[in-house]
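What follows is a short report on a single structure.
We did not get these values from a lab; they are worked out from the coordinates using the rules stated. What you see is a predicted model; the values in this text were computed from it and never measured. When we count neighbours, we look across all protein chains shown, and the Cβ atoms used for this are built from the backbone with ideal geometry, even at glycine.
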Amino acid sequence: MLLRSLWGDVLAESVMDPGGLLPQLRVRGLARAGHSRRPEITELGRTYLAARDEVRAATAVRVACVDTSTRTVLVEVSAWRPNEPVTVLLDQVVADTGVPADELTGRWLAADANCRARSADALILTGFRESALPLTEAIGVGGDEDE
């Protein structure tokens with residue numbers, strides 16, 4: 001709601017942030033201090049909001065790599081571009097799934113995605129969860145045959 005209010009016609013000084021989310025939006029590059037240090041939405045923030053409004057569908061996601069130093073995860077999204085890794089936040093995946101970071105690499109998960117996104121920057125993944133099916137065999141995407 002805070003990010004949407006920064007995108008609207010509301011004056012930035014009248015935008016309320018009772019939950020203290022503005023620093024998190026800044027860290028993620030979705031908002032910044034604009035003219036006279038007033039908060040404003042970034043182009044990435046606009047892209048994010050537009051993508052959030054797109055239709056999402058469940059898809060298989062394979063965790064290719066976990067980087068605990070940057071708190072990010074590279075995933076392959078089977079219904080989007082399975083050979084083009086996408087970066088997502090490690091904390092989001094761990095919080096959604098309950099799977100520890102050191103057990104994620106190589107694991108198949110399910111997530112909701114706007115698979116019609118034109119670029120990795122516009123692809124939004126939410127609702128990560130453990131997969132109920134052995135998806136590596138079911139769709140055969142991204143894994144090595146030698147493993």
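Between the listed residues Ala33, Ala58, Gly45, the Cα displaced farthest toward the positive end of the dipole of the range 30-71, a dipole computed from Cβ unit charges relative to the Cα centre, is found at Ala33. Dipole size of the range 21-120 about its Cα centre, with +1 on Lys/Arg Cβ and -1 on Asp/Glu Cβ: approximately 460 debye, rounded to the nearest 20.
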